[in-house]
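Here is the structure we will look at, set down as structure tokens.
Readers should treat all values here as calculations from the given coordinates under stated rules, not as data from a laboratory. What you see is a predicted model, and the numbers here were worked out from it, not measured in a lab. For neighbour counting, all protein chains shown are included, and Cβ atoms are generated from backbone atoms with ideal geometry for every residue, glycine included.
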Amino acid sequence: MSVNSNTVNTVLGPVPAGELGVVSVHEALLSVLPGAEHAFDITLDRAEIFETLAGKLRDFRAHGGGTIVDSTGMFHGRDVRLYEALSRTTGVHIVASTGQGPEELLGGYFLTPQTNPPTPWPAEKFAGLFTKEITEGMVVPRVERRGPAGLVTIAVTRTGMTATDESLLRGAARTALATGSPVSFRHGADAVRELDVVLDEELPADRVAVGGLDRRETVAAGAPQRIADRGAHVVLDHVGTEDDEHLTDAERAALVADLVRAGHTGRILLSVGATGVAKGHPANDLPYSHVLTAFVPLLKAHGVGDDDVRRILQANPRDLLATR
């Protein structure tokens, strides 16, 4: 399955990067905690799930949205055929992802290979797994492969990067180098150190997006500025979430304005981190359109101009997602 520069792999195939419109880069469509599908109290009514997600995608489009990136990776409910139908029905481009993590949510097959003693999967095995999902299509369990993944997404253990997490990050970077696709990861305890692991594989920094950078502790450590200084993308992916762990939207808007003034407009990405349908865990039930309806006015109130807003919402994600 070939990929071309200046195109983005969506679930319906490659599309010109310039057609993406406004992009939300760290969202979840159907998110299923691994194993929850077997629980007695969990229902997976596909028609109901489809209608719920279609309504949320239509709302996103009605407010000016063009593309949703499902950044949940391989084993958290990804349903490629469902996403194909949703994209056709709503007109919203959907970019699905390969990748895994954090370690605690990996199946035993990826944690205890048959070595003595058991050792983590090496980076090259993860790279091979992820690369095939881009070059040959995403796996539909026990049946077939479908369209290509559009990026590799990894989640790092929150309490600190494990050996398996490091293999995941290095494998993701090797896949990106082999396929021209980008890497996105939700950082664990030390975003800058984890980014350095990816960059150690000689992946250009502008092919990397680092998520979770609107956590209070991360902002207090100066990570958004330091990551932008390295040339990677700063993802503020909890827009609309206001709790003890994260900035308020007003504080996020001030952070964006600070990064713009520092010359980092081209490194900023925004997302709600919403969950369209969640099974087995609590959902972030904010609308995907929240950035457009509530956060953009805050950015403008903090002095971020229209051109910078367009760059952040359209040009930056387009440049990240384009294969090259």
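Before moving on, here are some points about what is shown:
- Residue order, fewest to most surrounding Cβ atoms within 10 angstrom, among Glu144, Glu133: Glu144, Glu133
- Across segment 154-212, the relative contact order, built from alpha-carbon pairs under 8 Å that are at least six residues apart, equals 41 percent.
- Per-residue ³J(HN,Hα) for segment 243-258, Karplus 6.51 cos²θ - 1.76 cosθ + 1.60, θ = phi - 60°, Hz, x for Gly and Pro: 8, 5, 7, 10, 5, 6, 4, 5, 5, 4, 4, 5, 5, 4, 4, 4
- Long-range amide H partners of His246 with built H, under 5 Å: Arg216
- Within a straight-line Cα-Cα reach of under 16 Å, Lys132 can be paired with the following aspartates and glutamates, leaving aside sequence neighbours fewer than 8 residues apart in one chain: Glu124, Glu144.
- Distant-in-sequence amide H partners of Gly137 (H built 1.01 Å from N, under 5 Å): Ala149
- Distant-in-sequence amide H partners of Lys279 (H built 1.01 Å from N, under 5 Å): Ser31, Val32, Leu33
- Cα gyration tensor shape of the chain, rounded if a/c is under 1.5, else prolate or oblate by comparing a/b with b/c: rounded
- Across Ala223, Ala96, Ala39, mean-square fluctuation computed from a Gaussian network of the chain (C-alpha pairs under 10 Å connected) peaks at Ala39.
- Per-residue Karplus couplings for segment 149-156, computed as 6.51 cos²θ - 1.76 cosθ + 1.60 with θ equal to phi - 60°, are listed in order as 5, x, 6, 10, 10, 10, 10, 9 Hz, Gly and Pro entered as x.
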